[in-house]
Amino acid sequence: MNVVRLVWTGWLFHIKTLSLSGFFVLTAVFMPVVVATVAFYMFEAGGRPGTLFWAALGAAVYGIWSSTLFGSGGAIQWQRWQGTLEILVAAPAPFFLVVLPLTLATSTIGIYSLCATLLWGRIAFGIPFTLAHPLEFAVAVPVTILGLGLLGMVFAATFVLYRHANALSNMLEWPVLLVTGLLVPLSLLPGWVLPISWAFAPTWGMRALRDAALGGNPWPEIAITLLLGAVYVGIAAAFLRYFERAARKHATLSLT
Amino acid sequence: MIGWLRLFFVGGLIAFRALFNWISPALYIPTMLLGPIFQILLFAYMGRYSGLEDDTFFVVGNAVQISCMSAIYAGTMTIANERSYQTLAPLLASPANRFALFMGRSLPVLVNGLVVSAWGFCIGWWLLDFDPPASSLPALAFVVAVSVSAATAFGLTLGSIGMRARDVFLISNLAYYLFWVFCGVNVPLDELPGWAQQIGRMLPLTHGIEAARAVVAGGSLSDVSTLVRTEALVGLSYAALAYALFRFFERQGRRSAALETY
């Protein structure tokens, strides 16, 4: 019960805090809209207008990913800057349960991206928002957000030891966008990329959303996204325990 | 004159090293070198999928555009961080020549932008189907240098705004990504609506990217002289605006004792 309360309270607190950050919200809304705009023009001018809704969904998930990654990079760094990292580590609550709500909150903020991108596509490019399976889509959205948030948790855990976590998170934005097939079908990429893409929740979350929206059976992808999320929890918990101990041992927790 | 040159070159370099936050390898490599690789790959593959243009189109567009990583962010930081680090007041209290002090900061930013852009071209050549004729390289280098100079002037304009604006890095981020849409980086300019084309023509890089593509396609420097001149003119206009804003905000900040307030 305490765990649920801690995660829920932390999630709500971070949602409120992040929603008040003009920088964060604008980044979450603006960047995917720009990426979507470029994608729409490219697909339209390239003679693939039928792929616009496909691209809109990809740009929307990119927005969630971007927001998650920005938040994961910042999860440790912001606490360092504010001088609260040591206090949080010293608190009796497991540090994992302190960081988890933050990464979940950052991916939840990605809902702004999802709405903004789909709305922008509808208003500016007349892309119809017609869902083949609305119920499955309604399930796939939170599952994708959860999957991305937990992947963000893995990154946040590894960032404990890294002084310039933000730079690393900035760098990771494009590779993941590329290898998870958000805007480019994976079949176009070299064959060795495919197994890499399977390890990322955005790949499966994206497939689930596209199947739900464009037609198909999204349930297997939804299940895989949840399964990957569970694996991420295990990895993040182990990483966080190890890196937290190492940072405490070497007195590098508060390094900026 | 020696003092002026020293302020321009040495002062500019010291300011760059002190104020450009991303200069340490741990930040520079992931941000300025590794990230852009995937930007170029992503848009080249999107181009292949959409059937819009070939790899060369996207390599040239993005390799020139990634110079903005330096032009915009380093340009902004080398001016605006004086205020963040609270060194602006002592700096402006000094009798240093303002023109040398301000413009000296552009040179390291410009050189850095050229390095990043050259890196982008190398990546395109190495990983994608981009193989420009060797004879086009000197002209390409010249066009890219003019484009990066213009973008640097734009970055310094943002830096000057940072002497007054509360959150200039938000503006920098917006500007960086808007270049994708308006400057013909990934979408040919004539595919955009008329108003967007007009905005693009007022921004740096637009004419430079067009000229660079023409040069890579086999055009000579004289074939693209109008585009290069226009790009240079856009850059000079932004440089003049940047300096005017710098002096304006300096005077305003001194008068209202608000140099370092937020």
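The values are calculated or read from the model by the stated rules, or taken from the named source; none is laboratory data. What you see is a predicted model; the values in this text were computed from it and never measured. Don't worry about glycine lacking a Cβ; one is built from the backbone with ideal geometry, like all the others, and counts go over all protein chains shown.
Structure values in brief
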{"item": "Subset tally (residues that are over 18 Å from the mean Cα position of the chain (by Cα) and either over 15 Å from A:TYR62 (Cα atoms) or of a type in the set (Lys, Arg) (or both)) for the range A:22-44", "result": "5"}
{"item": "Filter result for A:VAL4 (β-branched (Val, Ile, Thr), in a helix (DSSP H, G or I) and either touching a helix residue (DSSP H, G or I) at 6+ places or on another chain (Cβ under 7 Å) or at pLDDT below 90 (or both))", "result": "no"}
{"item": "Filter pass, B:TYR243 being surrounded by fewer than 16 Cβ atoms within 10 Å (Cβ to Cβ) and at pLDDT below 95", "result": "no"}
{"item": "The range B:26-41 residues that are at the interface with chain A (Cβ under 7 Å from one of its Cβ atoms), paired with ones that are assigned to a helix (DSSP H, G or I) and among the acidic types (Asp, Glu) (beta carbon under 9 Å, 6 or more apart)", "result": "B:GLY35/A:GLU173; B:PHE38/A:GLU173"}
{"item": "Failed criterion for A:PHE13 (all others in (1) buried (at least 21 other Cβ atoms within 10 Å of the Cβ); (2) at pLDDT 90 or above; (3) over 14 Å from the mean Cα position of the chain (by Cα) hold)", "result": "(1)"}
{"item": "Conditions (1) under 21 Å from A:ILE235 (Cα atoms); (2) more than 15 Å from the chain's Cα centre (by Cα): number failed by A:HIS133", "result": "(1)"}
{"item": "Test: residue in the range A:63-82 that is under 30 Å from A:ALA45 (Cα atoms) and hydroxyl-bearing (Ser, Thr, Tyr)", "result": "yes"}
{"item": "Qualifying position, being farther than 30 Å from A:SER187 by Cα, surrounded by 24 or more Cβ atoms within 10 Å (Cβ to Cβ), in contact with a Gly (Cβ under 6 Å, 6 or more places away or on another chain) and of a type outside the set (Lys, Arg), among B:ILE66, B:ILE79", "result": "B:ILE79"}
{"item": "Test: residue in the range A:64-85 that is under 20 Å from the mean Cα position of the chain (by Cα), within 9 Å of another protein chain (Cβ to nearest Cβ), in a helix (DSSP H, G or I) and not charged (D, E, K, R)", "result": "no"}
{"item": "Matching entry among B:TYR73, B:TYR49 (being within 18 Å of B:LEU13 (Cα to Cα) and within 14 Å of chain A (Cβ to nearest Cβ))", "result": "B:TYR73"}
{"item": "A:MET42 surrounded by 16 or more Cβ atoms within 10 Å (Cβ to Cβ), without any contact (Cβ under 8 Å) to a residue 12 or more places away in the chain and either in contact with a Ser or Thr (Cβ under 8 Å, 6 or more places away or on another chain) or not in a helix (DSSP H, G or I) (or both)", "result": "yes"}
